[in-house]
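Written out below as structure tokens is the structure these notes cover.
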Amino acid sequence: MLTDEDAYSVLRSRDGRFDGRFFVAVVTTGIFCRPSCPATLPKRENVRFYPSSAAALEAGFRACKRCRPDTVPGSPEWNVRADVVGRAMRLIADGLVDREGVAGLASRLGYSERQLHRQLTADLGAGPQALARAQRAATARTLLETTDLPAGEIAFAAGFSSIRQFNDTVRKVYGTTPGALRGTPSVRRPPGAVRLRLTYRPPLDLPALFSYLANRAIPGLEEATAHYYRRSLTLPHGLGLVTLRPAGTYVSCELHLEELKDLAAAVRRCRQVLDLDADPRDIADHLTRDPLLAAVVARTPGRRVPGHVDAAEMAIRAILNEETPTGRSRLAHLVRTYGTRLGGGARAFPRMEVLASSDAPAPVAALARALIAGTLHLGPEADRDQVERELLTLPGIDAEAVARIRMRAFGDPDVFLPSDSAVQRGLHRLGLTAEDAHRWRPWRSYAMQHLSAPYTHTP
């Protein structure tokens with residue numbers, strides 16, 4: 001944890017790697033910023049530091065219009081933490097508080113509302129309602145800037161319960177009205193599309209991510225090349241389609257949603273599939289302590305762990321082994337036979353209710369039934385270790401499949417798969433063995449991405 005003096009040193013250096021880790025508020029202006037804001041350095045006695053944008057808002061500060069602190073990547077801390085606070089943050093980002101309220105959030109996590117509020121306030125300086133309110137404001141801003149929808153529709157799509165609440169929150173967070181925030185559209189927008197920028201901490205090897213996804217793409221469900229990734233989404237209120245492309249210093253994200261109120265959930269899942277909240281420099285600093293791995297990490301900067309948009313789908317992909325042509329063929333058959341048809345020939349992944357009563361392979365049907373019965377939990381709130389125990393009680397799921405589910409569906413940064421052929425080749429080229437992997441904890445999932453790079457060779 002940074003002390004206030006450390007945080008001020010970061011502010012003085014304008015180090016962008018700390019954007020999203022903490023926020024800087026200036027008492028003389030009433031504004032809060034990201035640490036890399038290019039504004040004039042404030043005096044130390046005029047600065048306050050907050051662990052979340054919600055905490056700064058609760059303290060009465062409003063967002064800087066210059067550095068837009070509400071658009072920074074999420075804290076990389078949630079990539080590592082699997083405790084109740086980390087799981088709560090994933091649920092809030094998925095829009096659960098808007099759908100089920102704080103009571104629903106607490107229930108999902110197995111805590112009382114008071115206990116949950118106390119833990120979140122201790123770690124983030126704000127309770128679940130304030131954290132959700134900050135997210136609603138950011139969603140509203142995105143919709144105001146990227147769509148031509150009436151402000152009233154945007155208010156409810158962003159999760160606000162009334163127009164008045166929407167107007168008051170926008171004024172409090174941004175110091176202006178929704179109309180002024182919208183401004184004049186500068187580009188022509190495709191009908192029904194929401195276009196936004198997904199930020200990240202550089203470096204980011206997007207071609208490697210897209211190639212990984214392309215090699216495992218299921219026809220009808222998704223398509224990918226080294227330059228883009230497109231797929232259907234199954235969201236809390238409806239279906240959607242997303243296209244992700246490189247765009248300089250950000251990832252271009254174009255969404256077509258049946259229900260705009262699914263925007264927050266869609267954005268969280270898109271960020272997850274590309275691992276956009278990771279801090280690659282922190283990870284590289286750790287991995288390069290091993291001199292045998294250092295050269296490979298240096299040659300392949302910005303490697304991320306490919307995630308997934310839906311844990312239940314990822315579990316089925318692991319069961320049927322998406323790593324093999326036979327497994328992908330079986331998955332394509334499932335999608336073609338049971339998936340919901342969308343426009344342009346695309347399909348959504350089959351619903352668990354359909355698979356549970358279908359003639360799908362027995363392990364797939366068993367998993368679907370376990371999810372429906374509630375004996376298996378794969379939501380963002382799930383504990384990774386508990387998920388592993390539950391999965392291993394089901395037929396047809398081995399330890400390797402569970403490890404892939406942990407890594408891709410739940411963002412576990414410390415998975416290692418010594419039986420993976422690409423990892424084996426990487427180890428062999430460097431003269432390493434699987435036993436050497438213990439030195440790379442807690443980032444073994446990332447070490448595997450470097451080992452699997454096709455140009456890995458002995459330096």
Practice item. Could you check what % of the DSSP bridge pairs in region 1-133 are antiparallel, to the nearest 5? Key: 70 percent
Practice item. Run the accessible area of the chain with a 1.4 Å probe and give the carbon-and-sulfur part as a rounded percent. Key: 51 percent
Check your understanding: Ordered by residue, what ³J(HN,Hα) values in Hz, to whole numbers, does region 32-43 give under the Karplus form 6.51 cos²θ - 1.76 cosθ + 1.60, where θ = phi - 60° and Gly and Pro are x?
Key -> 10, 9, 7, x, 8, 4, x, 5, 4, 4, x, 5
Check your understanding: What number comes out for the charge environment of N215, summing +1 per Lys or Arg and -1 per Asp or Glu over other residues with Cβ under 11 Å away?
Key -> 0
Exercise for review: Can you tell me the order of 193-201, 229-237, 112-120 when each peptide is scored by its average per-residue count of other Cβ atoms within 10 angstrom, highest first?
Suggested key: 229-237, 193-201, 112-120
Check your understanding: Can you give me the relative contact order of region 263-326 as a percent, contacts being Cα pairs under 8 Å and 6 or more apart?
Key -> 40 percent
Practice item. Write down the accessible area per residue of region 85-143 in Å², having rolled a 1.4 Å probe over the full set of protein chains. Key: 37 Å²
Review point. Largest first, what is the accessible-area ranking of K65, K261 with a 1.4 Å probe?
Key: K65, K261
Check your understanding: Arranged from highest to lowest average of other beta-carbon atoms within 10 Å per residue, in what order do the peptides 2-9, 324-331 appear?
Key -> 324-331, 2-9
Check your understanding: Under the classification rounded if a/c is under 1.5, otherwise prolate if a/b is larger than b/c and oblate if not, where does region 1-69 fall, given a ≥ b ≥ c as square roots of the Cα gyration tensor eigenvalues?
Key -> rounded
Check your understanding: Around V335, what is the net charge, scoring Lys/Arg as +1 and Asp/Glu as -1 over all other residues with Cβ under 14 Å from its Cβ?
Key -> +4
Revision key, fill the gap. With every protein chain kept in place and a 1.4 Å probe, region 187-251 has an accessible area per residue in Å² of 45 Å²
Review point. Using modelled backbone amide H atoms (1.01 Å from N, in-plane), which distant-in-sequence or interchain residues come within less than 5 Å of R303's amide H?
Key: D205
Exercise for review: Using packing as a proxy for protection, rank 410-420, 262-272 so that the peptide with the highest average count of other Cβ atoms within 10 Å comes first.
Suggested key: 262-272, 410-420
Practice item. Evaluate the relative contact order of the chain (contact order divided by residue number), counting alpha-carbon pairs under 8 angstrom at least 6 apart; express in whole percent. Key: 12 percent
Practice item. Would you work out if region 197-243 is rounded, prolate or oblate? Take a ≥ b ≥ c from the square roots of the eigenvalues of the alpha-carbon gyration tensor; rounded if a/c is under 1.5, else prolate when a/b is larger than b/c, oblate otherwise. Key: oblate
Review point. In terms of the Cα gyration tensor, with a ≥ b ≥ c the square roots of its eigenvalues, is region 135-223 rounded because a/c is under 1.5, prolate because a/b exceeds b/c, or oblate?
Key: prolate
**Study point:** Alpha carbon centroid spacing (whole Å) that separates region 186-252 from region 295-359
**Key:** 15 Å
Check your understanding: For the chain, what's the radius of gyration and Dmax over Cα atoms, in angstrom?
Key -> 22.1, 68
Study note, to complete from the structure: The relative contact order of region 155-286, taking Cα pairs under 8 Å that sit 6 or more residues apart, comes to a percentage of 25 percent
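The values are calculated or read from the model by the stated rules, or taken from the named source; none is laboratory data. A quick note: this is a predicted structure, and the numbers were derived from the prediction, not measured. So basically every Cβ, Gly included, is an ideal-geometry build from the backbone, and we count neighbours across all protein chains shown. The area values use the complete protein model at the heavy-atom level, side chains included, leaving out ligands, DNA and RNA. Shrake-Rupley method; radii C 1.70, N 1.55, O 1.52, S 1.80 Å.
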